[in-house]
1. Please return the ranges of helices (runs of 4 or more DSSP H) entirely within the stretch B:85-176 where 1 or more residues are among the charged types (D, E, K, R), within 13 Å of ligand 1 (Cβ to nearest atom) and more than 24 Å from B:Ala202 (Cα to Cα).
2. Restricting to the stretch B:166-188, count the residues that are more than 14 Å from every other protein chain (Cβ to nearest Cβ) and in contact with an Asp or Glu (Cβ under 7 Å, 6 or more places away or on another chain).
3. Residue check: is B:Arg238 under 18 Å from B:Tyr15 (Cβ atoms) and within 16 Å of ligand 2 (Cβ to nearest atom)?
4. Quick check on this structure: which one of A:Gly171, A:Gly164 is buried (at least 21 other Cβ atoms within 10 Å of the Cβ), more than 16 Å from ligand 2 (Cβ to nearest atom) and on the phi > 0 side of the Ramachandran plot?
5. Name the residue that is most open to solvent (accessible area, probe 1.4 Å), counting only residues in the stretch A:6-37 that are facing chain B (nearest Cβ under 9 Å) and of a type outside the set (Gly, Ala, Ser).
6. In the stretch A:227-237, what residues are open to solvent by less than 40 Å² (accessible area, probe 1.4 Å) and out of contact with any Gly (no Cβ under 9 Å at 6 or more places or on another chain)?
7. List the strands (runs of 3 or more DSSP E) inside the stretch A:131-215, counting only whole elements, that have at least 1 residues being touching a Pro at 6+ places or on another chain (Cβ under 6 Å) and over 26 Å from B:Val168 (Cβ atoms).
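The values are calculated or read from the model by the stated rules, or taken from the named source; none is laboratory data. Keep in mind it's a predicted model, so treat the numbers as computed, not measured. Heads up, the Cβs are rebuilt from the backbone with ideal geometry, glycines too, and the neighbour counts pull from every protein chain shown. Heavy atoms of the whole protein, side chains included, go into the accessibility calculation; ligands, DNA and RNA do not. Shrake-Rupley method; radii C 1.70, N 1.55, O 1.52, S 1.80 Å.
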Amino acid sequence: MSKEILMPALSPTMTEGNLTKWLVKKGQKVKAGDVIAEIETDKATMEVEAVDEGYVSELLFKEGDINIPVSKPIAIISQNIEKNQIKDKGKSINKKNTTSNFDENSQNKDLSHKKENLEDKDNPITASSNTITMRQAIRDTIAEEMRKNKDIFIMGEEVAEYQGAYKVTQGLLEEFGHKRVIDTPISEQGFTGLAIGSAFKGLRPIVEFMTFNFSMQAIDQIINSAAKTLYMSGGQINCPIVFRGPNGAASQVAAQHSQDFSSWYSHCPGLKVLAPSTPYNAKGLLRSAIKDNNPVIFLENEILYGLKGQLSKDNDFLIPIGTANIEKEGKDTTIVTYSIMLQKSLEAVKILEREFDLNVEVIDLQSLRPIDQGTIIESIKKTNRMVIVEESWPFASIGSEIVNIIQKEAFDYMDSPIIKVNSADVPMPYSSSLEKLYLPQVDDIVKAVKAVNYIT
Amino acid sequence: MLKIRRFEERAAQLYGMGHIGGFCHLYIGQEAVVVGVLMTIKKNDSVVTTYRDHGHMIARGLDPKRIMAELTGRENGYSSGKGGSMHMFSKENNFYGGHGIVGAQVPIGTGIAFTHKYKRDNNICRTYIGDGAMNNGQVFESFNLASLWKLPVLYIIENNKYGMGTSVDRAAAGTDLYKRGEAFGIKGDKIDGMNVFSVIKAADKAGKYVRSGKGPYILEVQTYRYRGHSMSDPAQYRTKKELELYKNQDPIEIAKNQMLKNNLFSEKELDNLNKKIIEEIKVAAEFALESNYPKNEELYTNVYV
Ligand SMILES: Cc1ncc(C[n+]2csc(CCOP(=O)(O)OP(=O)(O)O)c2C)c(N)n1
Ligand SMILES: [Mg+2]
């Protein structure tokens, strides 16, 4: 009897891995728990252990092979050495698929939605060769600004020695040292308040929340201290601080770790709230955030960290806070969206153009507070129809506020009611099947755009 | 202990195969803590713990089949596939989770103890806390409340030396974590968590103290996790040597040797036990994978009662 060892999934968002090292040879005996290989995941280099006892009868990939899909066999362990050596002779191993995309058959169904559409080859954002990831864009911007201004420091859980729980702060400790790249205990309320105090007294902190879910431990300090003190002090004390980290759903991390805080923070006067969707706007917006003299909430997205994109030639470019980006011009309908839902919206737009001949305009908000009312209003004046796509819960979302803006400022320009596409109005379920139902899908966006155009 | 170990090994395997998703925190290496403490528990006592909860449930006598079904997101899991590895509950067995937010379980456990006192039912609540969580403010608010109101809560600090990649000495000013109750007048002990018999002894004494109405008690149990923090952590912040050191004091081996020495079991009986457990876990995994995913309409249930 022989058993395949499959490329293991070793992180919630991993869809493929690189084989960096074999620690066993063909024919070698292994027992459960022996390390057989080293695999590089989207986050780290991990050891893979044998689960069963047996002999290594085949190594199906070479050291250095990259982009091996999760669940693809990488080795064969057999119980009986002689029998398998006989079998060996006649067997040729197909290595052609090493760098190809998912093999439909071996790809586990549960994983198929994880990076949905983000690696699409037709997508101009991911296709170019001279590109960097969103993770790098954020990291570089922090480093560049820290070089320019010694009052900037970064703190949070695992930002220094571990190089960031999501590797966003990789290399910062080495360059800037422990004084400016600071690991904290798991004391969100304490270190957030401390950072706010340091900003009152003149420093410019960047606080990383391991994820924004944990900012809830500190939300009192963010709102009651950071956002309100300028007002309460009659303009004396400002708070130049950036709160950043991944926001929203990752993959199957369930209710307490999958929440979108866009509308929570955007509700509060005194805060500015940004939500980048590409490496380009992540860089331009983060630079503006760090230079801003007010508290800024910078909502990243874990699934987008690996998204590649091109930057501006001018490395020091800024995207002003409060400006939306018309990602794609169109005349039939406006989609307003932000963060990860931009990618899904663009996917839907392709289908709508191909199958329904609809020319859709896509606005990426980028900045949630202040919000770029002008761009949104001008767009609906042109298209007369609007769909708003966001990952957040539907009740009192950013989209709800946009609907309010439109009915007030462009009432006479609407040809159909606005439709909001949101996550389900429930806590995030764990099960992969329910998670997919919970999150807005491309198909939901297509349906909504058809509906505002009365296409059945 | 063996059942927890074999369960976790199988969970790691199913994670690698993509059957378990999200975060998955294994208990391998720490088995003696929960087994030792739960040897002293009464049926109607309550338990509340963190996301590293599979072992806690097994030790509480819950069904590995349904735990594995939850890990794989199936409808007959303990949380009907909605909670996953980090958020499992069994009210019937007084197991109040499975909490994903570090520190949040501490006031919750204190509140469950408040109910025990309120109802005068003579039960106590065991509340587990990670070493990393010991730096979260709500822990100290809980200590103060519990001591002020003499609540029947036994706090068990599972000191596995690291909170994710941060060692205790890099996170805590004063590494004797059990002493943090002193300012609130809470008594505490530090004990060897690799030896299940020392855990039983200490937990028995502490449990009796709490049940007698004298208020809370803190046990700091020294242990170690052999795997990374979660499945995606390569654990490069510690040396192989350190890991080996703890693997050489494996709680299962220690218990086994002690039982053999005292003629409680024969080698053969223990081998058979292991085989039986392997089979049980295999059946649990099969049960989970054959179970159905929750029905689509379940997405909208349980938001309100
Ligand atoms: C409030 C909060 N902050 C951060 C996290 C992320 N996180 C999850 S587990 C963990 C480490 C906890 O360490 P410890 O309390 O020692 O427990 P262990 O994992 O060692 O069992 C961190 C930082 C979280 N879940 N909740
Ligand atoms: Mg710990």
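1. Those helices (runs of 4 or more DSSP H) span B:168-171.
2. Going residue by residue through the stretch B:166-188, those that are more than 14 Å from every other protein chain (Cβ to nearest Cβ) are B:176, B:178-179, B:181-188.
Imposing the further condition that a residue be in contact with an Asp or Glu (Cβ under 7 Å, 6 or more places away or on another chain) reduces the set to B:178, B:188.
Total meeting the criteria: 2.
3. Values: under 18 Å from B:Tyr15 (Cβ atoms): no; within 16 Å of ligand 2 (Cβ to nearest atom): yes.
Judged against the criteria, B:Arg238 is not a match.
4. Working: A:Gly171 fails: buried (at least 21 other Cβ atoms within 10 Å of the Cβ).
Unique residue meeting the criteria: A:Gly164.
5. First, pick out the residues of the stretch A:6-37 that are facing chain B (nearest Cβ under 9 Å): A:6-14, A:32-33.
Cutting the leftovers down to of a type outside the set (Gly, Ala, Ser) gives us A:6-8, A:10, A:12-14.
Details: A:Leu6: 48, A:Met7: 0, A:Pro8: 12, A:Leu10: 13, A:Pro12: 2, A:Thr13: 15, A:Met14: 0 Å².
The qualifying residue most open to solvent (accessible area, probe 1.4 Å) is A:Leu6.
6. Result: A:Ser233, single match.
7. A:204-208
Matching residues to (1) more than 11 Å from chain B (Cβ to nearest Cβ); (2) surrounded by fewer than 24 Cβ atoms within 10 Å (Cβ to Cβ):
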{"position": "A:Lys179", "(1), (2)": "yes, yes"}
{"position": "A:Asp183", "(1), (2)": "no, yes"}
{"position": "A:Ala195", "(1), (2)": "yes, no"}
{"position": "A:Gly202", "(1), (2)": "yes, yes"}
{"position": "A:Pro205", "(1), (2)": "yes, no"}
{"position": "A:Glu208", "(1), (2)": "yes, no"}
{"position": "A:Gln217", "(1), (2)": "no, yes"}
{"position": "A:Ser225", "(1), (2)": "yes, yes"}
